[in-house]
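Here the structure is laid out as structure tokens; the discussion comes afterwards.
We did not get these values from a lab; they are worked out from the coordinates using the rules stated. The model shown is predicted, which means the values in this text are computed figures rather than measured ones. Here the Cβ positions follow ideal geometry from the backbone for every residue, glycine too, while neighbour counts run over all protein chains shown.
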């Protein structure tokens, strides 16, 4: 590498010097140690096009080496993005934060147990009524479709075909208080500190 | 419903029938008459039942329901249990520290000036809480339940916690009955389009923006005409109901005598028993 550099440097300088100098001037120049060595080396006036065959090969070699390095890097599996929800923050292990648990009286614990049982019964009956309502609505729809089929086939087919405009369906659910008419919500500033990971 | 078939060897009638659209009912019926040997009742064939399309327009609840007593109790219990099982938060720690510092200050009346210098935060946690409470009081939310009898039956701002159905008073024969808005079916349209037309033909129909849920009817009701009206070929009528949700309207007051927004429990005051029996099945008030 160093030899190439030296030689190219010498060629450049010699090509610049060739217009005004002869071998004599070159002999006295500090760039060259001896005339003999100069004669055995490449001619002075040659331009540095000599490395035609060698350079492309060298460049190809360089590219191949880089490609191999890239392949080696790509083979390594990418680092997994940590799921922040699964990592308990260090704050939770802080001992100073433990609350003094109050001792429950017997009546209190009894009341709680009975309330939980009452709740499960309530929820069960609620679920049963919901399921029954849904079943009845579906039955009503099924019967309506049967009647429609008796009436006319094309109307039945049109009814049974899927509605393209319905989905995606979006609706705001009920809130605690009704919306205030002509209310302008104040604009709030916030700093988004979510961490974004890239693979 | 079907992608256009490009395979040539498929028989022609199959290609035509599989590329039906909702609005291409008329085309399908004409091709079917040519190609199908089935006994299909098309518009031309007289069926003794007149078809009507009706719309069950629902205004869904705007406000959440009140809790029943057991739900209240359970909610209290859950809050208590969660509080007991939790750890102290930053704010609570700060409250405790402030309280400890105050008690220390009061006990030892020594030089606390150095500590005051170190206190960068002027507000204690309790002060912050008071500030937040003040801010909350500045916001006045709308009232949950407007009084029981304030709004008439024809206002859609009634009972915000429950879903309401739109009823219309209509002349049927000689009587005036409360019905779900319905209109006669015309040839060349699907029943869903009939229902949409029924909604649009109301005097306030243009203001009521509704999203129809699907092409299929949710229920039906058939009734026979009284014998003096029965002509040849029309025995009675079949009404098919379609569900729709009210998506937006301009809150214009409706005529009291011809329109009503009604809860499921109040339906029996308005509808005839047979009609009510069929309509109740698909109206879900949970």
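From least to most packed, judged by other beta carbons within 10 angstrom and beginning with the fewest, A:157, B:264, A:68 follow the order A:68, B:264, A:157.
Computed from the C-beta positions of residue B:67 and residue A:80 and an R0 of 35 Å, the FRET efficiency is 0.20 to the nearest 0.05.
By how many nm would the segment from residue B:255 to residue B:228 lengthen if fully extended, with 0.36 nm per residue of separation less the alpha-carbon distance? Show your work: numbers first, answer last.
Details: separation 27, 0.36 × 27 = 9.72 nm, distance 3.28 nm.
Gain on stretching residue B:255 to residue B:228: 6.4 nm.
In a fully extended conformation the segment linking residue A:97 and residue A:187 would gain 28.9 nm over its present Cα-Cα distance, using 0.36 nm per residue. Here the simple spin-label model places points 7 Å from the Cα toward Cβ, and for residue A:198 and residue B:134 these points are separated by 4.6 nm. Label positions at residue B:89 and residue A:106, each projected 7 Å from the Cα along the C-beta direction, are separated by 3.7 nm.
For the range A:119-142, the residues whose backbone nitrogen is under 16 Å from a point 7 Å from the Cα of residue B:76, taken along Cα to Cβ, are A:119.
Exposure proxy for A:54, B:239, B:63: other Cβ atoms within 10 Å of each Cβ, ordered fewest to most, give A:54, B:63, B:239. Fully extending the segment from residue A:172 to residue A:117, taken as 0.36 nm per residue of separation minus the present Cα-Cα distance, adds 16.5 nm.
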